[in-house]
1. Select from the stretch 248-279 the residues that are among the β-branched types (V, I, T) and at pLDDT 95 or above and list them in ascending order.
2. Just checking, does the stretch 198-211 include any residue being touching a residue at least 24 places away in the same chain (Cβ under 8 Å) and closer than 24 Å to T367 by Cβ?
3. Residue by residue through the stretch 273-293, note down the ones that are more than 21 Å from W56 (Cβ to Cβ) and of a type outside the set (G, A, S).
4. Just to check your reading of the model, which residue among A415, A399 is part of a helix (DSSP H, G or I) and in contact with a helix residue (DSSP H, G or I) (Cβ under 8 Å, 6 or more places away or on another chain)?
5. Looking at the stretch 243-251, is at least one residue open to solvent by 10 Å² or more (accessible area, probe 1.4 Å), in the same structural domain as Y144 (by the TED database), within 22 Å of T367 (Cα to Cα) and among the hydrophobic types (A, V, I, L, M, F, W, C)?
6. Out of curiosity, is A108 closer than 30 Å to I245 by Cβ and either open to solvent by 10 Å² or more (accessible area, probe 1.4 Å) or free of Cβ contacts under 8 Å to residues at least 60 places away in the same chain (or both)?
7. Limited to the stretch 342-358, what total is found for residues that are surrounded by 16 or more Cβ atoms within 10 Å (Cβ to Cβ) and either of a type in the set (G, A, S) or closer than 22 Å to G377 by Cβ (or both)?
8. If I ask for residues that are in contact with a Phe, Trp or Tyr (Cβ under 7 Å, 6 or more places away or on another chain) and over 17 Å from I360 (Cβ atoms), which ones from the stretch 48-60 would you list?
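The values are calculated or read from the model by the stated rules, or taken from the named source; none is laboratory data. This is a predicted model, so every value here is computed, not measured. All Cβ positions, even for glycine, are placed from backbone atoms using ideal geometry, and neighbour counts span all protein chains on display. When the accessible area is computed, the model is the full protein with side chains, heavy atoms only, and any ligands, DNA or RNA have been set aside. Shrake-Rupley method; radii C 1.70, N 1.55, O 1.52, S 1.80 Å.
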Amino acid sequence: MRITSVFLLVLGVVLSLGLCQEKSYENYKVYQVTPDKEEDLAVLIPWTEKDNVDFWDTTAQPRVMVSPSEQKNFEDFLQKHNLPYSVTIENVQTTIDQEREEKKAYWAAREVSPRHVTDDFQHFWSYDEINSYLRRMATENPQYVTLLPLGETFEGREVLGLRITSPGNDADRPIIYIDATIHAREWIAPMVAVYIIHELAEHTTDHLSVLDNVVWIIQPLVNPDGYEFTYAEDGDRFWRKTRTINENSDCLGVDANRNYDHYWANGVASGECTLTYAGTAPFSVAESRIVRDVVMANVDRMKLYISLHSYGSLFMYPFSSHRNVLPENFRFQHEAGDVFAEALYAVNQTPYQVGNGAGILGVSSGTSKDWTYSGPGIPLSYTLELPRGGTGFDPPATAIEGVVSETFIGIRAIAGFVVERYYPLSVAQKA
């Protein structure tokens, strides 16, 4: 439902009164915990629910951002439990400032020597840039590309996707659905999505094997509200959730990747102020409902679903909801994941770990890949955690092109796997 102008006016007043103040990370530190045994990390679980503590990942050697007020407590806790650690970022705000300065310098240089945006993967694209590009691809390549208006966010932003395939009867072609940016701060994720579009829509003759035999649905921004907030001068670079207003709470947002109907909230109701707040019910936010609706509208032919995230260089299939629980077809999913990882590795020798979510990243419930597999039954369902690069959260802008180009090679390889397993007649017909 579209938010009325009256409601938006009220919302604007509320936000101006204090819910939308600039977030400073001055003197926040990032710690990397390096235990001797992975099971030693269990003592950190209560810290995942603390204010002013942000687990950037939950791997065997997690990186944790901690506010100045909690740093002594955190360090004392680590020392008490004999958990080795190092400080990888002394002042997080300096990394944000550097990122902004690089962006300003980029735009200043571009004014002198403008470049066509489709050739440019030297900066992180804004919401408006991404949507303009999607519209232009549909206009310039109508034989291959169709614009998909998918819905609206809580704040009324348009959510767009593209359908890309070769001309002709595509009624039997398997469908691959790729979404990105369900977590707002993961800026490298939409860049991979738009690069996939760039290759498929602008270099069609190079990729006919996966255009003649596949229907692609690509949605670069699942969470535009949050993404815009990470860009805003008065926003929060590390905002993760949607911008949904939570009733009877001053804390905004839902972690939309905890809002799917697979062991939703896992019987635990985390508070509205936590980074992983799962909402009031499965699919309680517009952003997860849009993804659900795309899947259900194409469920008969959808064979591969990938949700793009950062970071960790991980290619994860279900389940994340429980340890030591694997999907019935886990060997098949692992085989396909290896196809992706091996093709990508051949480009720049970037290693990816393939496995089930809980085993290689940790337990989390209500995730999109768990739901797409267990609910609609999409046989190949993954979360792709892209590389970090540098010391910050996302790779620096100078590393974008390397990340997106190698990831596309892996995506194209797993698309070939889908064709081979689900559309083999097309290969025989072309032989």
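1. Matches in the stretch 248-279: V254 only.
2. No, every residue in the stretch 198-211 fails to be touching a residue at least 24 places away in the same chain (Cβ under 8 Å) and closer than 24 Å to T367 by Cβ.
3. T280, P282, F283, V285, E287, R289, I290, V291, R292, D293
4. It is A415.
5. yes
6. So A108 does not fit the description; no.
7. Within the stretch 342-358, residues that are surrounded by 16 or more Cβ atoms within 10 Å (Cβ to Cβ) and either of a type in the set (G, A, S) or closer than 22 Å to G377 by Cβ (or both) number 6.
8. T48, V53, D54
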